[in-house]
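Okay, so here's the structure we're looking at.
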Amino acid sequence: MVEDSAVVRDFLVHVLCADPDVHVVGIAIDGEDALEAVERRRPDVITMDIHMPKLDGLEATRRIMETRPTPIVIVSGSTDPREVATTFRAVEAGALAVLRRPAGIGHPDHEATARELVQTVKLMSEVKVVRRWPRVRRETVVPRLERAPGKVKAVAIGASTGGPPVLQTVLAGLPKNFPVPVLIVQHMASGFIHGFVEWLAQSSGLPVHLATHAETMLPGHVYVAPDEFQMQVEHGGGIALTKGPPENGLRPSVSCLFRSLAEVYAGEVVAGLLSGMGRDGAEELKLLRDRGATTFAQDKDSSVVHGMPGEAIKLDAASLVLPPEKIAAVLTSLANSRK
């Protein structure tokens with residue numbers, strides 16, 4: 001555990017150690033302390049604060065992933081969009097997940113947020129991470145499609161754990177004249193979505209928005225589903241946000257978005273699932289493929305958690321199985337094939 005506040009450290013130890021499967025093997029009070037502790041303790045997973053003296057959590061994450069790769073979960077006490085956008089830079093450096101610090105004991109959200117932290121820490125401890133090297137550009141070859149694509153009116157992507165850096169890679173690779181709207185459902189702890197949108201916008205040539213109810217989708221714009229709303233498309237190119245029931249326990253749900261796309265656009269869509277736990281969107285991706293849409297799933301080797309894309313592959317819901325660095329080129333080729 002890396003955290004500079006003694007009060008927060010005690011609280012997080014209490015939350016984590018309430019689960020008999022979790023053992024806190026070491027505590028670091030700043031980033032420099034963390035580097036030494038990781039070498040000495042060899043933890044299965046690290047919880048990391050961002051704002052600390054001497055060496056902040058961003059730089060500590062970067063150095064750990066370059067020297068002794070270990071699953072890292074960012075635990076943040078801030079939901080200010082600008083600070084959260086900075087927090088997501090730790091995801092670029094190799095952190096696997098970003099969570100809000102659990103609510104205090106006695107708060108109505110305490111049990112749910114504490115459970116989310118414990119479950120995420122346990123799951124991330126099982127992820128195999130690799131040393132981060134400087135990115136090298138590789139020539140991208142667009143895979144051959146099994147049939148000629150039809151007209152594309154929208155692109156839709158669903159993601160969960162491990163999805164943010166892939167979405168960043170995809171959006172950064174799309175050209176500024178991308179001809180259709182892009183819709184995104186990213187499962188995320190409540191309160192972080194505004195900062196997430198701001199972070200995505202920093203590296204994308206396309207305008208990235210938090211979706212609003214009844215707005216009309218524009219070509220080359222990216223729309224991210226907000227907290228606690230189901231996002232759907234409507235005839236005429238509008239976006240509808242509803243307080244409909246959670247699907248697969250989730251709101252927003254990828255399943256809800258994909259099903260509405262199938263109803264409105266049938267096969268005139270490109271849709272895909274990125275890294276994430278569970279099966280949200282897998283059956284509906286199959287529905288889209290059956291209606292003629294081009295569909296894709298992230299490959300296993302590059303997925304932090306291959307739950308959602310893996311379920312889609314099992315259902316034969318994906319026309320293509322792709323690594324992150326090829327997705328943008330494929331989307332561009334498909335969107336421009338028959339405008």
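The values are calculated or read from the model by the stated rules, or taken from the named source; none is laboratory data. Keep in mind the model is a prediction, meaning the values are calculated, not measured. All Cβ positions, glycine included, derive from the backbone under ideal geometry; neighbour counts span all protein chains shown. Each accessible area value is taken on the protein alone, full model and side chains, heavy atoms only, with ligands, DNA and RNA left out. Shrake-Rupley method; radii C 1.70, N 1.55, O 1.52, S 1.80 Å.
Here the stretch 57-71 is the region considered, the condition is being in a helix (DSSP H, G or I) and among the charged types (D, E, K, R), and the residue that is farthest from Arg89 (Cα to Cα) is Glu66.
For the stretch 1-25, filtered to residues that are closer than 15 Å to Val73 by Cα and assigned to a loop (DSSP other than H, G, I, E, B), the residue that is least open to solvent (accessible area, probe 1.4 Å) is Glu3.
Looking at this structure, is Val118 touching a Phe, Trp or Tyr at 6+ places or on another chain (Cβ under 7 Å), outside any loop (DSSP other than H, G, I, E, B), open to solvent by less than 50 Å² (accessible area, probe 1.4 Å) and at pLDDT 90 or above? So Val118 does not fit the description; no.
Here Ala85 passes the criteria (1) more than 17 Å from the chain's Cα centre (by Cα); (2) modelled with pLDDT under 95 except the one numbered (1). Ser303 falls short on exactly one of the conditions (1) surrounded by 22 or more Cβ atoms within 10 Å (Cβ to Cβ); (2) among the polar types (S, T, N, Q); (3) over 14 Å from Gly158 (Cβ atoms), and that condition is (3). The requirement of being at pLDDT 95 or above, more than 29 Å from Leu96 (Cβ to Cβ) and of a type in the set (A, V, I, L, M) is fulfilled somewhere in the stretch 290-303, by at least one residue.
Counting the residues of the stretch 63-75 that are touching a residue at least 60 places away in the same chain (Cβ under 8 Å) and within 29 Å of Asp227 (Cα to Cα) gives 1. For beta carbons closer than 7 Å, sequence separation of 6+ or different chains, a first residue in the stretch 191-217 that is surrounded by fewer than 17 Cβ atoms within 10 Å (Cβ to Cβ) and a second that is among the polar types (S, T, N, Q), the qualifying pairs are Gly191/Thr79; Ser203/Gln168. For the stretch 308-327, the tally of residues that are of a type in the set (Gly, Ala, Ser) and either in a loop (DSSP other than H, G, I, E, B) or out of contact with any strand residue (DSSP E or B) (no Cβ under 9 Å at 6 or more places or on another chain) (or both) stands at 3.
If you go through the stretch 218-260 and keep only what is on the phi > 0 side of the Ramachandran plot and open to solvent by 50 Å² or more (accessible area, probe 1.4 Å), you end up with Glu228, Gly236, Asn248, Gly249.
If you go through the stretch 259-287 and keep only what is among the small types (Gly, Ala, Ser) and within 13 Å of Met308 (Cβ to Cβ), you end up with Ala271, Gly272, Ser275, Gly276, Gly278, Gly281, Ala282. Of the residues making up the stretch 305-314, one or more are under 15 Å from the mean Cα position of the chain (by Cα) and either farther than 30 Å from Gly191 by Cβ or β-branched (Val, Ile, Thr) (or both).
Residues in the stretch 179-190 that are in contact with a Pro (Cβ under 9 Å, 6 or more places away or on another chain) and either under 28 Å from Val305 (Cβ atoms) or surrounded by fewer than 18 Cβ atoms within 10 Å (Cβ to Cβ) (or both): Pro179, Pro181, Val185, Gln186, His187, Met188. Scanning the stretch 34-56 for residues that are farther than 16 Å from Val13 by Cβ, part of a helix (DSSP H, G or I) and in contact (Cβ under 8 Å) with a residue 12 or more places away in the chain turns up Leu35, Val38, Glu39, Arg40.
Scanning the stretch 72-102 for residues that are open to solvent by 60 Å² or more (accessible area, probe 1.4 Å) and part of a loop (DSSP other than H, G, I, E, B) yields Thr79, Asp80, Arg101. Of the residues examined, Lys300 is not one that is over 25 Å from Thr212 (Cα atoms), without any contact (Cβ under 8 Å) to a residue 60 or more places away in the chain, assigned to a helix (DSSP H, G or I) and basic (Lys, Arg).
Condition (residue is among the small types (Gly, Ala, Ser) and open to solvent by less than 20 Å² (accessible area, probe 1.4 Å)) applied to the stretch 283-292: is it met by at least one residue? Scanning the stretch 283-292 turns up no residue that is among the small types (Gly, Ala, Ser) and open to solvent by less than 20 Å² (accessible area, probe 1.4 Å).
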